[in-house]
Amino acid sequence: MNTLEAINKRHSTRGFSDRQVSKEDLDAILFAGGQAAVGGADFKSMKLYVVQDPALLKEINDTSAKARPGTNPLYNAPTLVVLASSKSILENIEFTNAGCVIENMMIAAADLGIDSIYLWMAMYGINGSPDLVAKLGFPEGFTCVGTMALGYEAQEFRKLKADEQRIEVIYV
Ligand SMILES: Cc1cc2nc3c(=O)[nH]c(=O)nc-3n(C[C@H](O)[C@H](O)[C@H](O)COP(=O)(O)O)c2cc1C
């Protein structure tokens, strides 16, 4: 698969099977995250945490769901990658860095035939819970700036993606 095909194939998955991602594929995806563009090359300001323990995944899911009762924010994903950041050397750049890192990982996942979704809700759940922050082991000064679930789609879910330009383009 070439890069443009992987970009087109990536879509948000909202229902995962319990099939786990292999360590080899996971390492390739995490490596892709570390190859992302990061402002000021401040890679030290970020850390990637991999959560696969079912009890901890459930706790993150249930804590995140409190903001919207009745939802299943992690969609039963068997792997959650949590991106934590301290204040960067460049002001207000942390969430932009996170977008670059997570998008790289999602495209790499698509290339490997692995499904993914960017999860903002889980970030709120984690940052709102000192207990979860302690369990994840963030160092002092680090907070979650984004998360991404990985796995294999349980069944075909409604996709928003179509082969069309979704953002208006204006040639000036
Ligand atoms: C920063 C960011 C946060 C997101 N957080 C969530 C989330 O918490 N839950 C969710 O179901 N989708 C989340 N999404 C997925 C978007 O809803 C999705 O990307 C959008 O609907 C376009 O669909 P596609 O990813 O299939 O192309 C998030 C996407 C981004 C970029």
Checking the condition more than 10 Å from the ligand (Cβ to nearest atom), within 16 Å of the chain's Cα centre (by Cα) and on the phi > 0 side of the Ramachandran plot, which residue from G141, G137, G151 passes? G151
Within the range 9-47, the residues that are closer than 15 Å to A149 by Cα, within 16 Å of the ligand (Cβ to nearest atom) and not β-branched (V, I, T) are R10, H11, S12, R14, G15, F16, G33
Selection status of E91, out of contact with any His (no Cβ under 8 Å at 6 or more places or on another chain) and either more than 23 Å from G34 (Cα to Cα) or part of a helix (DSSP H, G or I) (or both): no
Name the one entry in A122, A110 that is at pLDDT 95 or above, surrounded by fewer than 23 Cβ atoms within 10 Å (Cβ to Cβ), in a helix (DSSP H, G or I) and of a type in the set (G, A, S). A110
Consider N104 carefully, then state whether it is in contact with a helix residue (DSSP H, G or I) (Cβ under 9 Å, 6 or more places away or on another chain), surrounded by fewer than 16 Cβ atoms within 10 Å (Cβ to Cβ), of a type in the set (S, T, N, Q) and at pLDDT 95 or above. no
What's the number of the only condition in (1) outside any loop (DSSP other than H, G, I, E, B); (2) in contact (Cβ under 8 Å) with a residue 40 or more places away in the chain; (3) surrounded by 12 or more Cβ atoms within 10 Å (Cβ to Cβ) that V50 fails to meet? (2)
Starting from the range 85-97, keep only residues that are under 15 Å from F138 (Cβ atoms), then list their pairs with residues that are part of a loop (DSSP other than H, G, I, E, B) whose Cβ atoms are within a distance under 8 Å, requiring at least 6 positions of separation or different chains. S85/F142; S86/P139; S86/G141; S86/F142; K87/G141; E94/K87; E94/S88
Count of residues meeting criterion [surrounded by 22 or more Cβ atoms within 10 Å (Cβ to Cβ) and within 10 Å of the ligand (Cβ to nearest atom)] in the range 73-98: 3
Does V101 count as part of a helix (DSSP H, G or I) and more than 11 Å from the ligand (Cβ to nearest atom)? yes
Identify the residue in the range 132-172 that is charged (D, E, K, R) and loosely packed, with under 10 Cβ neighbours inside 10 Å and, among all such residues, is modelled with the lowest pLDDT. R158
Restricting to the range 114-134, give me the number of residues that are without any contact (Cβ under 8 Å) to a residue 12 or more places away in the chain and either touching a Phe, Trp or Tyr at 6+ places or on another chain (Cβ under 6 Å) or within 16 Å of the ligand (Cβ to nearest atom) (or both). 0
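The values are calculated or read from the model by the stated rules, or taken from the named source; none is laboratory data. Remember, predicted model here, so these are calculated numbers, not experimental data. For neighbour counting, all protein chains shown are included, and Cβ atoms are generated from backbone atoms with ideal geometry for every residue, glycine included.
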